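Chemist: Before we start, here is the structure in question, set down as structure tokens.
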Amino acid sequence: ARSRSGAATSHEVAADRPTHGTPSRRDDVLAWVGRIADLAQPDRIVWVDGGDAQHELLVREMVSTGTLLPLNPELRPDSYLARSDPGDVARVESRTFICSPTRAEAGPTNNWRDPAEMRQTLAGLFDGAMRGRTLYVVPFSMGPVDSPLARFGIEITDSPYVVASMRIMTRSGAAALARIDDGAAWVPAVHSVGAPLGPDDVDVPWPCNPEKYIVHFPAEREIWSYGSGYGGNALLGKKCFALRIASVIARDEGWLAEHMLLVRVTSPEGRRTHVAAAFPSACGKTNLAMLRPTLPGWSVETLGDDIVWMAPREGDDGVTRLHAINPEAGFFGVAPGTGWESNPTAMETLRRGVIFTNVALTDDGDVWWEGQTSQPPAHLIDWQGRDWTPDAGRPAAHPNSRFTVSAAQCPTMAADWEDPAGVPLDAILFGGRRPSTVPLVTQADSWEAGVLLGASIASERTAAAEGTVGELRRDPFAMLPFTGYAVADYLAHWLEVGRGLGTGAPAIFGVNWFRKDDGGRFLWPGFGENTRVIAWIADRVAGTVGGRSTPIGHVPNPGDLDVTGLGLSEADLDELLDVDPVAWRAELTRAGAYLEELRAPAALRRALDVAIDRL
Ligand code: GDP
Ligand code: PGA
Ligand code: MN
Ligand code: MN
């Protein structure tokens, strides 16, 4: 056997274990794959090329092991249902680690572990972890492969579900490997479900391990994930790379990696506004990205629904603006609440070629989840494979059940969504689920006030991560679980980027679709009707609509917002646009205490004090 640290040639790797597919031509890649294979001891190695033949084989295998259940091809062609282990349904923030050289670099909001200790733990966990399984090598690109903003990675995984999902969510396979072989930098990402098989073991449909580790080494730009098959824990291009590791790369290189959707809004006059928006998980990004306007003449095109990378670049007019791309190639969306009424664009996107996870199965072999139709079917098989009827007293689909589907299938995708240059950004929105206090929309009066607004996001917890649903938690920039370094430095970086942009900086807004009345009813209809807020935002950017100045920024006067046909009472509209000084003084005081805890830049704390004084 060769030493773990020693370089291996492709010949040695091939001689060790059966190897299929076309390996990399790069020695460092081959050496790394060889090292992981020596450690994890898989039965075979497959280099994933992204092509149809390999993919079909993989799917057939997953169908035979029960990992994927084919849906009725007449109702949902080329689509599958996966049912996870009931203990592996969401991101595990308490098991997510940032192993920077020092605790201070990870900051107070991340779980820090000493990198050397963690490496030892991982070496133990991965020792023999892939026995009886196949090690897949998945080269991938985040961003269109030709974009100057694209970054590359290689995920090693023993989960065919991950391989098939990465094929939808990233540009994976031969094209990405070609770039890496040509010399592009690449992020190593190792994943195992942590369930080795003995010679006589029969596999389960969703192997995983109760012990989970989602580990990042920001200094080395390296990812290790153990024990989970769930999207955010296992598709390492997404949260681990495109947010946690990329946020560190972006800090070092002067750009931003953010938990945001990206859309192009076009007004009736043909004026284009590019808008990015950060909301915490399960707070409406995918829905807003697929917005179907309810105001005549307005259109919205989709560019991305979860992650945006943006970099300052000088335009032909000499103005430096943020140019934004969506580094992903698919949607990993929340199923519950998605229906023909609320999000017809998503429903059209989901007609074929979908991997559903933890939704319910109908008697005719299609899928259902809460909110897809107003009336549930009389009988279903629920997400855990049990019989379900409407009186069951439990949801048929898991509240965090998901669809994985290619963005190219979305009918509202902008024709140029893969433009390597990206789009110039005009507005950034911050929001969350706030039943009270936070108005429907606010425009920050400066970049600094906008950064304060992003830093002060608080939102009710959702099913997208472990924890008590509904509990209010602070989530600066909707990045609390995704920032790969100290949040105070992250805030300082945002201020710094804004200084570099000057007049080219996008306008910043706060939004809240989730304000409720005393009876717990949403005051705002939301979904397509959010167009009315988006129109005000676009018109504010153009300077064509009014607003009233408040201590927390500008809000629309009742007459500035087009609410015709909504049947909204005057009292409800007033409530939606109200900035209550007492509630806001309490809100900002809490935000101030939190910023203090984070050791946020003094400039932000000063901006906060100014607002409190004005109240
Ligand atoms: P994401 O995880 O941030 O992408 O959020 P989604 O767009 O998937 O939405 C998460 C949940 O919030 C779903 O159940 C949606 O139906 C619901 N939702 C999205 N937009 C709105 C809205 O404008 N109003 C209300 N009341 N619910 C919404
Ligand atoms: P979401 O993405 O933001 O669409 O919920 C997944 C996640 O953040 O876990
Ligand atoms: Mn997300
Ligand atoms: Mn989403």
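Chemist: Could you check how many residues of region 418-457 are over 25 Å from residue 489 (Cβ atoms), open to solvent by 40 Å² or more (accessible area, probe 1.4 Å) and hydroxyl-bearing (Ser, Thr, Tyr)?
Modeler: Matching residues across region 418-457 total 1.
Chemist: If a residue must be open to solvent by 30 Å² or more (accessible area, probe 1.4 Å) and either under 15 Å from residue 556 (Cβ atoms) or not in a helix (DSSP H, G or I) (or both), how many such residues does region 515-538 contain?
Modeler: Adding up the residues that qualify gives 9.
Chemist: So for region 457-471 (the condition being within 21 Å of residue 275 (Cα to Cα), more than 16 Å from ligand 1 (Cβ to nearest atom), at pLDDT 95 or above and not in a strand (DSSP E or B)), does at least one residue qualify?
Modeler: Looking through region 457-471, none of the residues is within 21 Å of residue 275 (Cα to Cα), more than 16 Å from ligand 1 (Cβ to nearest atom), at pLDDT 95 or above and not in a strand (DSSP E or B).
Chemist: Take the residues of region 218-234 that are under 20 Å from residue 83 (Cα atoms) and aromatic (Phe, Trp, Tyr): which is nearest to ligand 2 (Cβ to nearest atom)?
Modeler: Only one residue tops the list, namely 230.
Chemist: Do you know which residues across region 327-363 are away from ligand 4 (no atom under 16 Å from the Cβ) and either open to solvent by 10 Å² or more (accessible area, probe 1.4 Å) or under 14 Å from residue 231 (Cα atoms) (or both)?
Modeler: 340, 341, 344, 348, 351, 352, 353, 361, 362, 363, listed by residue number.
Chemist: In addition: Pairs, please: C-beta under 6 Å, at least 6 apart or cross-chain, first residue over 14 Å from residue 123 (Cα atoms) and in region 205-220, second open to solvent by 30 Å² or more (accessible area, probe 1.4 Å) and assigned to a loop (DSSP other than H, G, I, E, B)?
Modeler: 205/66; 206/85; 208/85; 219/101
Chemist: Hey, does region 284-301 have a residue that's away from ligand 2 (no atom under 13 Å from the Cβ) and under 14 Å from the mean Cα position of the chain (by Cα)?
Modeler: Within region 284-301, the first condition is being away from ligand 2 (no atom under 13 Å from the Cβ), and the residues that meet it are 291-301.
Among the residues that remain, those that are also under 14 Å from the mean Cα position of the chain (by Cα) are: none.
No, region 284-301 has no match at all.
Chemist: Got at least one residue in region 78-98 being surrounded by 21 or more Cβ atoms within 10 Å (Cβ to Cβ) and assigned to a helix (DSSP H, G or I)?
Modeler: no
Chemist: Filter region 298-326 down to the residues that are acidic (Asp, Glu) and away from ligand 4 (no atom under 16 Å from the Cβ) and list them by number.
Modeler: 301, 314, 316, 317
Chemist: Considering only residues of region 133-146 that are touching an Asp or Glu at 6+ places or on another chain (Cβ under 8 Å) and not in a strand (DSSP E or B), which is surrounded by the fewest Cβ atoms within 10 Å (Cβ to Cβ)?
Modeler: 144
Chemist: While we're here: Let me confirm something: among 504, 520, 498, which residue is more than 25 Å from residue 246 (Cβ to Cβ) and more than 20 Å from the chain's Cα centre (by Cα)?
Modeler: 520
Chemist: Still on this model: Restricting attention to region 49-77, which residues are part of a helix (DSSP H, G or I) and free of Cβ contacts under 8 Å to residues at least 24 places away in the same chain?
Modeler: Of everything in region 49-77, those that are part of a helix (DSSP H, G or I) and free of Cβ contacts under 8 Å to residues at least 24 places away in the same chain turn out to be 52, 53, 56, 57, 60, 63, 64.
Chemist: A follow-up question, please. Does at least one position in region 458-467 carry a residue that is farther than 27 Å from residue 299 by Cα, touching a helix residue (DSSP H, G or I) at 6+ places or on another chain (Cβ under 7 Å) and either of a type outside the set (Lys, Arg) or open to solvent by 10 Å² or more (accessible area, probe 1.4 Å) (or both)?
Modeler: Looking only at region 458-467, we keep the residues that are farther than 27 Å from residue 299 by Cα, and these are 458-467.
Add one more test, that the residue is touching a helix residue (DSSP H, G or I) at 6+ places or on another chain (Cβ under 7 Å), and what stays is 465-466.
Within this subset, residues satisfying the condition of being either of a type outside the set (Lys, Arg) or open to solvent by 10 Å² or more (accessible area, probe 1.4 Å) (or both) are 465-466.
For region 458-467, residues farther than 27 Å from residue 299 by Cα, touching a helix residue (DSSP H, G or I) at 6+ places or on another chain (Cβ under 7 Å) and either of a type outside the set (Lys, Arg) or open to solvent by 10 Å² or more (accessible area, probe 1.4 Å) (or both): present.
Chemist: From the list 610, 545, 555, 579, which one is surrounded by 20 or more Cβ atoms within 10 Å (Cβ to Cβ) and of a type in the set (Val, Ile, Thr)?
Modeler: 555
Chemist: Something else: Report, by residue number, each residue of region 340-356 that is away from ligand 3 (no atom under 16 Å from the Cβ), part of a helix (DSSP H, G or I) and under 12 Å from residue 405 (Cβ atoms).
Modeler: 345, 347, 348, 349
Chemist: Follow-up question, since we're still on this one. Going by the conditions given, is residue 381 buried (at least 21 other Cβ atoms within 10 Å of the Cβ), of a type outside the set (Gly, Ala, Ser) and more than 30 Å from residue 255 (Cα to Cα)? Can you show your working first?
Modeler: Numbers: buried (at least 21 other Cβ atoms within 10 Å of the Cβ): no; of a type outside the set (Gly, Ala, Ser): yes; more than 30 Å from residue 255 (Cα to Cα): yes.
For residue 381, the condition - buried (at least 21 other Cβ atoms within 10 Å of the Cβ), of a type outside the set (Gly, Ala, Ser) and more than 30 Å from residue 255 (Cα to Cα) - is not met.
Matching residues to (1) more than 22 Å from residue 523 (Cα to Cα); (2) within 16 Å of ligand 3 (Cβ to nearest atom):
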residue: 417; (1), (2): yes, no
residue: 424; (1), (2): yes, no
residue: 431; (1), (2): no, yes
residue: 435; (1), (2): no, no
residue: 439; (1), (2): no, no
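The values are calculated or read from the model by the stated rules, or taken from the named source; none is laboratory data. Keep in mind it's a predicted model, so treat the numbers as computed, not measured. Quick reminder, even Gly has a Cβ in these numbers, built from the backbone with ideal geometry, and neighbours come from all protein chains shown. Surface areas here come from the heavy atoms of the whole protein model, side chains and all, with no ligands, DNA or RNA. Shrake-Rupley method; radii C 1.70, N 1.55, O 1.52, S 1.80 Å.
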